Structure formats: C-alpha cells, structure tokens
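Before any comments, here is the structure.
Just so you know, all these numbers are worked out from the coordinates, no wet-lab data involved. No experiment lies behind these values; they were computed from the predicted model shown. Cβ: placed from backbone, ideal geometry, glycine included. Neighbour counts: every protein chain shown.
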Amino acid sequence: MRRISTSAEKTLWSVLRNRQIGGCKFVRQYPIPPYIVDFCCREKKLVAEVDGGVHIGQEAYDRARDQDLAELGYRVIRVTNDDVLANINAVVTIIQEALNS
C-alpha cells in the first residue's frame, strides 16, 4: 500500500516523518487489526486518516471503524485530501493540538 499512496498522503507523510511534529514518531500504513490506518503515532495512540473521494457514501463504515479504534484506545483524526493539499499548515495544527491534548 505504501507504493500507491495518494499525493495527499505523500504530502502529509512529508511533515509527519522524522518526528517533525512535537517530536512524536509516526508510522504509515500501520496495522491495528482488523484495520490498517494511514498514519499512527503509537506513543500517543493517535491515528490520522486522509480521506479521498472513496469515502463518500461510506460515512457509517468510517464511524464504526473509528469507534472500534476508540475502543482499542486510539483517537482518530480525519482530514480530506483537499484539506491536506490546500492547507497543510492547518492540518499540522490540528495534529499538534491532538498530540498535546
């Protein structure tokens, strides 16, 4: 899956990798069975999901998935491809705030 990342995922990864946000380590395409999440800070149990057009119409599935991850102790942040590509600084701020809370 890493080889077929969207441009939004590549953009977000470029700011998450190498502990660039709050010194926190993120990994990508991280398995949290039965799911694989886009990005995860294991230490803070924070998941960042980048949603594209494929998520339109599957909101109920995404909510259930987020609830399952919450039951495992993870917090989930969802941003759209457009959010990442149009305003990466705002997305970084959202992630920083989640890491600090």
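Along its principal axes, the chain has C-alpha extents of 31, 27, 25 angstrom, given from the largest down.
Close amide H contacts of Asp51 (hydrogens built in the peptide plane, cut-off under 5 Å, sequence separation of 5 or more or a different chain): Val79, Thr80, Asn81. Each stretch of four or more DSSP H residues adds -39500 (n - 2.57); spread over every residue of the chain, this sum gives -12500 deg cm²/dmol at 222 nm. In loop segments of the stretch 38-101 as defined by DSSP, the GluC sites (Glu not before Pro) with at most 16 further C-beta atoms inside 10 Å of their C-beta are Glu43.
Using the Cβ-Cβ distance between Leu72 and Ser7 with R0 set to 35 Å, the FRET efficiency from 1/(1 + (r/R0)^6) comes to roughly 0.75. Maximal additional length on extending the Thr93-Val15 stretch stands at 26.9 nm, based on 0.36 nm per residue less the C-alpha distance.
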